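Written out below as structure tokens is the structure these notes cover.
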Amino acid sequence: MTGTSRPVTRALRRIAASWVAVSLAVASLLVVVAPAVAADPVKFGTATASSTYGTSIVFKQPVDLATVPKRVELLMQTPGAAGPGVIDVDAPTKSGSSTLSFNVSLADGHIVPNTTFVARWRVTDADGKTWLGPPVSQTYADTRVDWKTLKGKLVTVHWYQGGDAFGQRALKIGDDAVAQTSQLLGVTETDPIDFFIYADQDKFYDALGPATRENVGGEAHADIRTMFALITPAEINDSWVSTVVPHELTHLVFDTATKNPYHEPPHWLNEGLAVYLSEGYASSYRNQVESAAKDGSIMPLDGLVGAFPTTRDRFFLAYGESVSAVDWIVANKGRDALIGLIRSYADGVSDEAAFKNALGLDTAAFQQAWLGSVGAQAPVRHGPLPAPVGPLPQGWSGAAPNPSVQPGATGVPGAAASPEVNPAIGRPPGATSGGLSVGIVAAAVLVGVGAVLIGVLLVQRSRRPHGAIPLAVGSEPKGADLPPTDRPGSVPWSLPAEVPADVPPPDDPWPPPLPPSAPAPAESPETRPPDQPQP
Ligand SMILES: [Zn+2]
């Protein structure tokens with residue numbers, strides 16, 4: 001899954017994990033020899049690392065120290081991170097031989113299996129001179145089952161139930177999916193991909209960690225090039241296999257095609273492509289979207305740029321709308337336009353630029369055209385409204401600046417702001433904008449939301465000791481969920497024929513400017529659906 005950029009719960013969970021890890025950091029000192037007259041003031045032995053599933057990851061480094069060091073740190077690199085996190089570890093209080101040790105406890109945090117850590121130790125002496133130890137890498141593995149492994153061109157399948165035929169079938173579907181999606185999106189995949197197939201739900205959810213949604217049947221983690229799927233023994237010969245594998249692997253290739261440090265593509269585009277390539281715009285999705293269009297419950301696409309809703313109906317509808325929108329692009333603008341749209345994100349462009357360049361429509365016009373094609377009216381806007389314009393300084397003669405949330409500012413209901421229109425699809429830009437008439441209540445809501453979020457962040461920061469790093473950070477997994485629905489048996493592994501047709505821009509583009517939105521939590525407060533569908 002991918003959130004407003006990143007799923008908040010997941011991020012916080014990881015931060016919490018790092019806090020726990022660091023709080024348990026120790027430097028176990030096994031001083032053996034006191035005098036050290038070595039030429040090398042700091043001499044590193046062979047670094048080691050080990051991990052125990054669900055318990056801990058331990059890094060150890062034997063050293064010979066000529067003097068008492070001023071500081072000892074562990075530099076720990078996690079997948080996708082720009083650089084290593086630096087963790088302060090208690091320095092030995094004596095010179096001589098000792099073993100530096102750091103224990104990453106998983107008691108209150110979670111690390112997804114197949115995450116590889118690369119760590120090295122840094123010792124600083126009293127004069128500030130530093131010595132860097134050798135790197136040691138450790139892959140955190142799920143050792144609860146005996147994995148069988150089969151290596152293909154790019155994909156390596158790991159499974160523990162089912163015979164070799166099952167593994168071979170899964171591998172072929174996986175390798176084919178990567179090859180075809182790569183070809184379609186014009187990217188070359190060279191890094192291997194691991195594909196873990198769990199046969200029982202408890203182990204599967206335990207591996208993915210807390211806060212995994214009950215509807216999830218597969219998850220792709222682009223940062224560690226790994227996908228996980230739940231395929232029970234009864235489903236081994238089911239068409240589910242030929243859906244879940246291409247779906248999740250599409251996310252990994254999508255990530256390769258769009259990777260950039262600035263701006264993630266909308267979640268609906270990622271999921272829409274995955275469903276489109278693995279199932280097509282199937283009648284089940286089509287019926288859902290059409291009935292939502294009829295009863296006015298359709299969700300605007302700009303509500304689906306981050307995490308999807310959690311209730312069962314809305315969760316599935318989100319996938320239906322996503323694939324419907326992708327289907328619209330292919331049918332009306334052609335397959336090349338879809339590919340161009342996706343690829344353009346690699347340049348870090350905004351949603352507005354991406355849509356305009358690839359489709360010739362701004363995001364509002366695109367959404368309007370898509371809504372029209374499914375017979376839907378523009379949904380009524382709910383939720384926070386744009387902030388009011390703040391008070392202007394005395395003597396101010398220029399145009400009113402963009403409104404922003406300022407605690408204590410007096411709202412000016414009805415005051416016109418500069419009408420900078422935010423993209424209708426995609427995340428609003430960092431700067432706030434919008435110019436709707438709003439009241440103090442709306443401002444209070446926004447301030448409240450902001451305060452809560454800031455509060456959460458401050459709490460997290462304050463609980464995070466110096467040097468702590470989030471575990472397994474980097475890029476969050478992209479597009480992770482796969483809705484378990486009734487699957488069509490066939491997998492349409494090609495895009496439908498192009499139907500190029502220009503769609504005239506609508507007369508009255510929907511919607512009005514978006515309010516500035518705070519990052520939404522990945523989970524909504526909705527209650528869980530009573531039935532828990534099996535994938
Ligand atoms: Zn997905």
For region 291-310, what are the residues that are over 20 Å from ALA364 (Cβ atoms) and under 20 Å from the mean Cα position of the chain (by Cα)?
-> ALA307, PHE308, PRO309, THR310
Looking only at region 294-317, which residues are of a type in the set (Ser, Thr, Tyr) and either crowded, with 18+ Cβ neighbours inside 10 Å or part of a helix (DSSP H, G or I) (or both)?
-> THR310
Conditions (1) surrounded by fewer than 21 Cβ atoms within 10 Å (Cβ to Cβ); (2) of a type in the set (A, V, I, L, M); (3) part of a helix (DSSP H, G or I): number failed by VAL145 = (3)
Quick check: is even one residue across region 182-200 assigned to a helix (DSSP H, G or I), free of Cβ contacts under 8 Å to residues at least 40 places away in the same chain and either more than 14 Å from the ligand (Cβ to nearest atom) or surrounded by fewer than 24 Cβ atoms within 10 Å (Cβ to Cβ) (or both)?
-> yes
Test result for GLU290, of a type in the set (Asp, Glu), in the same structural domain as GLY167 (by TED's automatic domain parsing) and either within 16 Å of the ligand (Cβ to nearest atom) or not in a helix (DSSP H, G or I) (or both) = no
Selection over region 264-273 where residues are modelled with pLDDT under 95 and within 9 Å of the ligand (Cβ to nearest atom) yields a count of 0
Do we have HIS251 as under 17 Å from the mean Cα position of the chain (by Cα), at pLDDT 90 or above and surrounded by 23 or more Cβ atoms within 10 Å (Cβ to Cβ) here?
-> yes
Does ALA346 satisfy the condition of being out of contact with any Cys (no Cβ under 9 Å at 6 or more places or on another chain), part of a helix (DSSP H, G or I) and farther than 29 Å from LEU171 by Cα?
-> no
All but one of (1) part of a loop (DSSP other than H, G, I, E, B); (2) under 30 Å from GLU352 (Cβ atoms); (3) touching a Ser or Thr at 6+ places or on another chain (Cβ under 6 Å) hold for PRO261, so report the exception by its number.
-> (3)
Would you pick out the residues in region 213-240 that are more than 14 Å from the ligand (Cβ to nearest atom) and polar (S, T, N, Q)?
-> THR226, THR232, ASN237, SER239
Scope region 241-263; condition under 15 Å from ASP191 (Cα atoms), within 14 Å of the ligand (Cβ to nearest atom) and not hydrophobic (A, V, I, L, M, F, W, C); matching residues | THR250, HIS251, ASP255
All but one of (1) at pLDDT 95 or above; (2) closer than 21 Å to GLN61 by Cα; (3) among the β-branched types (Val, Ile, Thr) hold for THR156, so report the exception by its number.
-> (2)
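The values are calculated or read from the model by the stated rules, or taken from the named source; none is laboratory data. A quick note: this is a predicted structure, and the numbers were derived from the prediction, not measured. Backbone-built Cβ (ideal geometry, glycine too); neighbour counts: all protein chains shown.
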